[in-house]
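So the structure is just underneath, and the comments pick up after that.
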């Protein structure tokens, strides 16, 4: 059996902002009635809380992202995802729920630097001036689906499908090239 590898094996680019493919990241899609008591109970027992609309909640190395009225994306260490998915599936059996480990179907990027929002503003139809802290936005990056949020001061995280990871890295690199800043330095 081969060892798992991320889409771009941690590729980095330094421009007026730094772009990094983050490497292996555990991701579990959970579709269910987000107001369900059994769901809240099992998530709480695993260290998660259900986020509000378009929000993200975090607890150490675990995060829950609101993706739609009946969908969350759980972020956990890569090696924890299969076990957590099985635990959630067993605990939610008998309820309307779908649990899928999508770790190997997605790619995650970090855009860091004081001008990180400028990189994304060129690619995504999002008003970054009004994007609230801990707000998740499902959008597009140029021509592909993406989800993004501000993960720290001067840092954004972006998730795309793994199949378009090289394209996403390319457009992020292009957008972060020195000399292409939106406002003069």
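Read the figures in this text as sums done on the coordinates, not as results from a lab. Since this is a predicted model, take the numbers as computed values, not measurements. Glycine gets a Cβ as well: all are built from the backbone with ideal geometry, and neighbour counts include every protein chain shown.
Take the Cα of residue 167, step 7 Å toward its Cβ, do the same at residue 181, and the gap between the two points is 3.1 nm. In terms of its C-alpha gyration tensor, region 106-185 has an oblate overall shape, because the principal axis ratio a/c (a ≥ b ≥ c, square roots of the eigenvalues) is not below 1.5 and a/b does not outweigh b/c. Inter-label distance, residue 128 to residue 83: 3.8 nm, where each label sits 7 Å from its Cα along the C-beta direction.
Under the shape rule built on the C-alpha gyration tensor, where the axes satisfy a ≥ b ≥ c, the chain is prolate, since a/c reaches at least 1.5 and a/b is greater than b/c.
In the chain, the calculated helix contribution to ellipticity at 222 nm averages -5500 deg cm²/dmol per residue, counting -39,500 (n - 2.57) for every DSSP H run with n ≥ 4. Would you mind classifying region 26-104 by shape? Square roots of the alpha carbon gyration tensor eigenvalues, ordered a ≥ b ≥ c; an a/c under 1.5 is rounded, otherwise it is prolate if a/b is larger than b/c and oblate if not. Rounded shape, in that the Cα axes give a/c under 1.5. Helix 165-175 and the longest principal axis of the Cα set of the chain meet at an angle near 40°.
For the chain, the longest principal axis of the C-alpha atoms and the axis of helix 81-91 are separated by about 40°. Quick one: check the C-alpha center-to-center distance for region 121-165 versus region 48-101, whole angstrom. Spelled out, the Cα-based centre of one part sits 20 Å from the other. Among 96, 156, 109, the residue with the largest mean-square fluctuation in a Gaussian network model of the chain, with springs joining Cα atoms closer than 10 Å, is 96. Here each label is just a point 7 Å from Cα along the line to Cβ, and for residue 44 and residue 9 those points are 4.6 nm apart.
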